[in-house]
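To start, the structure under review is shown below, and the notes come after it.
Rule-based calculations on the coordinates, nothing more; no lab input. All values reported here derive from a predicted model rather than from experimental measurement.
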Amino acid sequence: MEKSTVEIVIPPGIPQSVIYRVMEICGVNYQIKKDPVLDREYSVLSGYPEQIEEAKKYLKLFTEAKLALRDISRLARRYKTLAKLYTEDEELRGILSVASQDIANREWIEVCKEKPLDGEYETLEICGKKVYVYV
């Protein structure tokens, strides 16, 4: 029996870098479709149902991570200090490393594999997972 493909509409405002990373990780396809009734174009991701479920999760995770990293890097640059990020979640650490490559001011951010021993920190939550930001 052949698997059927499923499509999800990508909400407007999702950065192209996030869409590309999700395509790369989940193996889904990206298309731009035209709605003849509304005479509008919209973006969709298509793939098998299990790929689409994974893509939904990663779309949210990458988008939230990228927005948080953008704000952290902006503040780090303003105060001229390196922000060290640490999380115990291996998957989120990988996503932070990848997403940090797609933002401006990335030289002000470092994703650490081990918990830094010194410095003050703030705790953020990205999709229910804790991220510690050391300054």
Return the calculated 222 nm mean residue ellipticity for the chain, to the nearest 500 deg cm²/dmol, obtained by summing -39500 (n - 2.57) across DSSP H runs with n ≥ 4 and dividing by the residue count.
-> -13000 deg cm²/dmol
Given C-alpha coordinates of the chain, what is the ratio Rg to Rh with the Kirkwood estimate of Rh?
-> 1.07
